[in-house]
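Colleague: Dropping a structure here in structure tokens format, bear with me for questions.
The values are calculated or read from the model by the stated rules, or taken from the named source; none is laboratory data. Note that the structure is a prediction, hence the values are computed from the model and not measured. Ideal geometry is used to build each Cβ from the backbone, glycine not excepted, and the neighbour counts take in all protein chains shown.
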Amino acid sequence: MNYYFITGSSSGIGKALVEELLRHSKYTIIGLSRTNTLVDKHFEHRKIDLSKLEDVNAFEFDPIEKNDRVVLINNAGTLGEISYIGQQSDENIVVSSMVNFTSAAILMNKFIAAYQHHEGERIIINITSGAADSPYDGWASYCSAKAALNMFTQVIHEEQLLTDNPVKVFAIAPGVVDTLMQDAIREVEQESFSRIDKFKALKENDQLYKAKDVAKRIIEMTLDTKTIPSLISRIQL
């Protein structure tokens, strides 16, 4: 059996990942999110608010059979307030750090603790962003959290190479995807984000990736990690 734990499963790429996996009967999917609209015998929803430390601390990974394959996809993310530092709320910085980095880090810690000695294949996929390497004005919290996620991925990779039974870990940027996050970006005033016209043009010129296409590619990568070009990579469709 193949087990997939997917955060942010209620919308966007996360929901598309679940829907892609449900097209096949050989997967058990556990979705971690605040809300859910999906119903299927192969899908289980675990209600969790990834912005709340107590919710993440309380989560535990399931015991599985020794030869089962298990995958964690840290997909959940939030852009939060798009505004300059000095103008945004302190709460936004905390929530952005929790959802975009800290919750994922805790889940990875729990995942490796639970499955380090598991005999089946174990894979962690962190959904990162090109913003981890590019400073976007108004996005300080988001950019910084994704940069932290990338570094965390790299350190885990180095640590796992030193073990006898390494967990595979990757960070994958999905590109610019047509999701609610993109809707929110296009509604921001230019004084809070100078590159707004670029993002509006991507939508107008039909240059945004479809969530279902990105999800299909990510699943393909988990089924054959040799197709992932590097530890930190970007999807090209």
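Colleague: Considering each of V176, V167, V214 in turn, give the residue that is crowded, with 17+ Cβ neighbours inside 10 Å, at pLDDT 95 or above and either farther than 20 Å from A105 by Cβ or under 17 Å from the mean Cα position of the chain (by Cα) (or both).
Modeller: Answer to the check: V214.
Colleague: Determine which member of the set I13, I30 is within 19 Å of the chain's Cα centre (by Cα), modelled with pLDDT of 95 or more, farther than 19 Å from D213 by Cα and not in a loop (DSSP other than H, G, I, E, B). Quick ask: steps written out before the conclusion?
Modeller: Working: I13 fails: farther than 19 Å from D213 by Cα.
The unique qualifying residue is I30.
Colleague: Could you tell me which residue of segment 116-131 is surrounded by the fewest Cβ atoms within 10 Å (Cβ to Cβ), considering only residues that are hydrophobic (A, V, I, L, M, F, W, C) and closer than 22 Å to D224 by Cα? Don't jump to the end; show me each part of the working.
Modeller: Applying the first criterion (hydrophobic (A, V, I, L, M, F, W, C)) to segment 116-131 yields 123-125, 127, 131.
With the extra rule that they be closer than 22 Å to D224 by Cα, the set shrinks to 123-125, 127.
On the way: I123: 20, I124: 26, I125: 25, I127: 28.
Among those residues, the one meeting the criterion is I123.
Colleague: Looking only at segment 34-87, which residues are under 21 Å from I125 (Cβ atoms) and acidic (D, E)?
Modeller: E44, E60, D62, D68
Colleague: Take the conditions of a type in the set (G, A, S), surrounded by 13 or more Cβ atoms within 10 Å (Cβ to Cβ) and touching a strand residue (DSSP E or B) at 6+ places or on another chain (Cβ under 6 Å) and apply them to A184. Does it pass?
Modeller: no
Colleague: Return only the number of the condition from (1) at pLDDT 95 or above; (2) surrounded by 20 or more Cβ atoms within 10 Å (Cβ to Cβ); (3) not in a helix (DSSP H, G or I) that I82 does not satisfy.
Modeller: All conditions pass for I82, except number (1).
Colleague: Residues of segment 85-106 being among the polar types (S, T, N, Q) and either out of contact with any Leu (no Cβ under 9 Å at 6 or more places or on another chain) or buried (at least 24 other Cβ atoms within 10 Å of the Cβ) (or both), which ones? Quick ask: steps written out before the conclusion?
Modeller: Initially, segment 85-106 is screened for residues among the polar types (S, T, N, Q), giving 87-89, 92, 96-97, 100, 102-103.
The answer is Q87, Q88, S89, N92, S96, S97, N100, S103.
Colleague: Determine whether segment 145-158 contains at least one residue that is of a type in the set (A, V, I, L, M), closer than 26 Å to K26 by Cα and touching a strand residue (DSSP E or B) at 6+ places or on another chain (Cβ under 8 Å). Let's see the steps before the verdict.
Modeller: Within segment 145-158, the first condition is being of a type in the set (A, V, I, L, M), and the residues that meet it are 145, 147-149, 151, 155-156.
Those left that are additionally closer than 26 Å to K26 by Cα: none.
No, segment 145-158 contains no residue that is of a type in the set (A, V, I, L, M), closer than 26 Å to K26 by Cα and touching a strand residue (DSSP E or B) at 6+ places or on another chain (Cβ under 8 Å).
Colleague: So, in segment 49-79, of the ones that are touching a residue at least 24 places away in the same chain (Cβ under 8 Å) and in a helix (DSSP H, G or I), which residue ends up surrounded by the fewest Cβ atoms within 10 Å (Cβ to Cβ)?
Modeller: N57
Colleague: Sticking with this structure for a sec: From the list S134, S141, pick out the single residue that is small (G, A, S) and buried (at least 17 other Cβ atoms within 10 Å of the Cβ).
Modeller: Values: S134 fails: buried (at least 17 other Cβ atoms within 10 Å of the Cβ).
Every option except S141 fails the conditions.
Colleague: Pick from segment 188-208 the residues that are of a type in the set (A, V, I, L, M, F, W, C) and either modelled with pLDDT of 85 or more or assigned to a helix (DSSP H, G or I) (or both): which of them is farthest from D137 (Cα to Cα)?
Modeller: In this case the residue turns out to be L208.
Colleague: Now, a different point. Any residue at all in segment 154-166 that is part of a helix (DSSP H, G or I), within 17 Å of S129 (Cβ to Cβ) and not aliphatic (A, V, I, L, M)?
Modeller: yes
Colleague: Does at least one position in segment 19-35 carry a residue that is in contact with a Ser or Thr (Cβ under 6 Å, 6 or more places away or on another chain), more than 28 Å from H118 (Cβ to Cβ) and surrounded by fewer than 22 Cβ atoms within 10 Å (Cβ to Cβ)?
Modeller: yes
Colleague: Just to be sure I understand the filter: pairs with C-beta atoms under 7 Å, separated by 6 or more residues or on different chains, first member in segment 210-232 and outside any loop (DSSP other than H, G, I, E, B), second member of a type in the set (S, T, Y). Which pairs pass?
Modeller: What qualifies is A211/T179; E220/T227; M221/T227; I232/T128; I232/T153.
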